[in-house]
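See structure below.
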Amino acid sequence: MGITKDSIMKNSSTGGWKYAMLLLVNQGMATLAFFGVGVNLVLFLTRVLGQNNSQAANNVSKWTGTVYLCSLIGAFLSDSYWGRYLTCTIFQLIFVLGLGLVSLSSWLFLIKPEGCGDGNLSCNPASSAGAALFYLSIYMVAFGYGGHQPTIATFGADQFDERNPKEKISKTAFFCYFYFALNVGSLFSNTVLVYYEDTGKWTLGFLVSLCSAIIALVAFLLGTPKYRYVKPCGNPLPRVAQVFVATVRKWEIEPADPDDLFEVEGSESAIKGSRKILHSNDFEFLDKAATITESDMNEAENPWRLCTVTQVEEAKCVMKMIPIWLCTIIYSVVFTQMASLFVEQGDVMNSRVGNFHLPAASMSAFDICSVLISTGIYRRILVPVAGKLSGNPKGLTELQRMGIGLIIGMLAMIAAGITELERLKHVTPNEKSSSLSIFWQVPQYVLVGSSEVFMYVGQLEFFNGQAPDGIKSFGSSLCMASISLGNYVSSLLVNMVMGITARGNKDGWIPENLNRGHMDRFYFLIAVLTGFDFVIYVFCARWYNCINLDESIDQNDIHKDGNGDRGESRAV
């Protein structure tokens, strides 16, 4: 179905940049609130709750992993039952409530005496009730923010109608600005809030986060009358399971020709709220689930025996995305080093700027600034130039961008390894810190920031665009799930390396005293693994075939307000 004049006029009254901007404000303010708690959480646990470094690090790792795994819960509820708007609203309310309890628990129970936890004045031992309330509150923050993130990204993309060429370009730009807004919010948290919390003003920092989250929620609710809404498509788990069960039941038969496979008549799909997906030649054995047998003709339709082509293709899409997604996990290992080994490396370098001591964790500001600058360069320079050379209005495809992100991430690890080699050359015997300036770390932070623009923005576009209508939020959540697994894989990698290199009373590569280790070798190891991962990724990207949606369906059947196109068939 083509674009009609009436549909364009109707779309112009809802959605578009005017209301997508509210969602970008929401993203920036929510991220500020989240990192206002998360960026200094390890210091709060050690200084206020009295935990040792290893306990605090493990607790922060568990909390961070929980945040990103909760994205899968939010995506499931959004796609299956609640829809994007309701899911965003509920999880943001949980987020605000969690931040309120964090502020309350620190003020009433934990920051005693006032001003403690600044690195000099010790806090009184925390009561069991105070500690329990604090843990409850930070996990509510994790649950609320994690469930909100992939849904708000998809809801923002819903505001643009791909049947309108201008809005199709705007949808691509939205993901870029979405990641830009995320980093603007985290920049404030990583600079201003870090400073106040580091000086013992913990409750003030938490209250600022609470106010920011409330502003984010209000901005989100302001657009309620004019957003474009997408109906949830039901639980996808039984639909995918039915395809595999039906395939197993018909394992002995040969798949029918594509034209003879089962599909409902008319333009509407059997999956509520989803467009039909045209047949593909990938994983052809699954076509058995849509092959009509004599028993199927003699019995009432049973989805556990006979599935539609669209249902089969939905399962194929999930299977095709998994190899690409697995290749992004190693990149997340690179990204994770900024919050762990980069900070430990900077902590044993010369961080004096005159009389001012620069906290090692604040070097992440260079990463954030790199993201902001790289986003502008990408949108304003690289896209137009690459578009003219390739003929693709996007400049580079999502898969190409993700591959570039892997290469730049590998270069970041090489830069970090070179910095560590130089740091070790400037170590003074019996001194903890090297005389090498901490600003030697700037290249590795800048390279990681540049790689994020290609990798994470590319992921958001790719998984959202290639996911069928019924699992759009699930596609967006894969990006966050990759970061979560990256944390776990990084921890596993460190344990394996230390288990091998610290045998026989050796210090190993990453000992307590870094001056006696070889952290540079660990960085180079990650660079090698990233290079190997890139080779595999290239094969997976070349093998990947795009989703092929049936554009003949009337999109008014999909949306509550009759607006917006919710998927795409693209050349990657």
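The values are calculated or read from the model by the stated rules, or taken from the named source; none is laboratory data. None of the values given here were measured: they were computed from a predicted structure. Backbone-built Cβ (ideal geometry, glycine too); neighbour counts: all protein chains shown. Quick note on the areas: whole protein, heavy atoms, side chains included, nothing else; ligands and nucleic acids left out. Shrake-Rupley method; radii C 1.70, N 1.55, O 1.52, S 1.80 Å.
Farthest toward the dipole's positive end in the chain, which of G499, F356, Q441, given Cβ charges of +1 (Lys, Arg) and -1 (Asp, Glu) about the Cα centre?
F356
Using a 10 Å cut-off on Cβ atoms, rank the peptides 387-393, 215-221 from the highest mean neighbour count down.
The packing order, highest mean first, is 215-221, 387-393.
Among 159-165, 35-41, what's the highest-first ranking by average C-beta atoms within 10 angstrom per residue?
The most tightly packed comes first, giving 35-41, 159-165.
Please compute, over every Cα-Cα pair in the stretch 248-318, the percentage with a separation greater than 19 angstrom.
28 percent
Just from the alpha-carbon atoms, what are the Rg and Dmax of the stretch 325-406 in angstroms?
Final numbers for Rg and Dmax: 17.4, 54 Å.
GluC sites (Glu not before Pro) within the stretch 359-465: which are DSSP loop residues with at most 14 other Cβ atoms inside 10 Å? Walk me through the intermediate numbers first.
On the way: sites: E398, E420, E422, E431, E452, E461; in loops: E431.
Of the GluC sites (Glu not before Pro), the ones in loops of the stretch 359-465 whose Cβ has at most 14 other Cβ atoms within 10 Å are E431.
Viscosity 0.890 mPa s, temperature 25 °C: Stokes-Einstein D of the stretch 302-373 from its Kirkwood Cα radius, in µm² per second?
Result for D is 149 µm²/s.
How long, wide and thick is the chain, going by the Cα atoms along their three principal axes, in whole angstroms, largest first?
The Cα atoms of the chain stretch 82, 50, 50 Å along the principal axes, largest first.
Testing the spin-label approximation: label points 7 Å from Cα along Cα→Cβ at L492 and E294. State their distance in nm.
Going by the 7 Å Cα→Cβ label model, 5.0 nm.
Tell me, what is the Rg over Rh of the stretch 162-288, with Rh the Kirkwood radius over Cα pairs?
In the stretch 162-288, Rg relative to Rh is 1.20.
Within the stretch 228-255, name every residue whose backbone N is under 17 Å away from a label modeled 7 Å from Cα of R305 along the Cβ vector.
Only 242-254 pass the distance filter.
Roughly how tilted is helix 398-425, in degrees to the nearest 10 and between 0 and 90, from the longest Cα axis of the chain?
Computed tilt is about 10 degrees.
State the percentage of accessible surface on the stretch 119-235 attributable to carbon and sulfur atoms; use a 1.4 Å probe and exclude ligands, DNA and RNA.
71 percent
Can you figure out the FRET efficiency of E431 with V385, using R₀ = 51 Å and their beta-carbon distance, to the nearest 0.05?
Rounded to the nearest 0.05, the efficiency is 0.55.
If you average over every viewing direction, what projected area does the convex hull of the Cα atoms of the stretch 424-522 give, in nm²?
Approximately 8.5 nm², given one-decimal rounding.
Taking the alpha-carbon centroid of each part, what is the distance from the stretch 200-269 to the stretch 71-125 in angstrom?
What the calculation gives is 25 Å, centre to centre.
So what is the relative contact order for the chain, in percent, with contacts set as C-alpha pairs under 8 Å and at least six apart?
Relative contact order for the chain comes out at 21 percent.
According to a simple spin-label model (label point 7 Å from Cα along Cα-to-Cβ), what is the distance in nm between S128 and E422?
Taking the two extended label points, one gets 5.3 nm.
Assuming 0.36 nm per residue, please report the length gained on full extension of the stretch L326 to L358 beyond their Cα-Cα distance. Could the numbers behind the result be given before it?
Working: separation 32, 0.36 × 32 = 11.52 nm, distance 3.68 nm.
In short, 7.8 nm is gained.
Where the convex hull is taken over the Cα atoms of the stretch 187-244, what is its projected area averaged over directions, in nm²? It would help to have the intermediate numbers written out before the result.
Values: hull surface 30.9 nm².
Result: a mean projected hull area of 7.7 nm².
For the chain, just give the cysteines left without a disulfide-compatible partner, judged by no other Cys Cβ under 4.7 Å.
For the chain, the answer is C70, C88, C176, C211, C233, C307, C317, C327, C369, C479, C540, C546, because their Cβ atoms have no other cysteine Cβ under 4.7 Å.
Below 8 Å, C-alpha to C-alpha, sequence gap of six or more: please give me the relative contact order for the stretch 422-525 in percent.
15 percent
Let me spell out the model: positive unit charges on the Cβ of Lys and Arg, negative unit charges on the Cβ of Asp and Glu, origin at the Cα centre of the chain. What dipole size does that give, in debye rounded to 20?
On the way: 43 positive and 48 negative charges, 344 e Å.
About 1660 debye.
Heads up, I need the accessible area for K18: 1.4 angstrom probe, whole protein in place, Å², nearest 10.
Approximately 150 Å² for this residue.
On alpha carbon coordinates alone, what is the Rg over Rh value for the stretch 365-491, Rh being the Kirkwood radius?
1.09
For T191 paired with N548, estimate the spin-label separation in nm (one decimal), with each label point 7 Å from Cα along the Cα-to-Cβ line.
5.0 nm
With the full set of protein chains in place, find how many percent of the accessible area of the stretch 323-444 is carbon and sulfur; take the probe as 1.4 Å.
It is 67 percent, rounded to a whole number.
Would you mind getting the accessible area per residue of the chain, heavy atoms of the protein chains only, 1.4 Å probe, in Å²?
42 Å²
Between the alpha-carbon centers of the stretch 474-541 and the stretch 373-443, tell me the distance in whole angstrom.
Between the Cα centres of the stretch 474-541 and the stretch 373-443 lies a distance of 18 Å.
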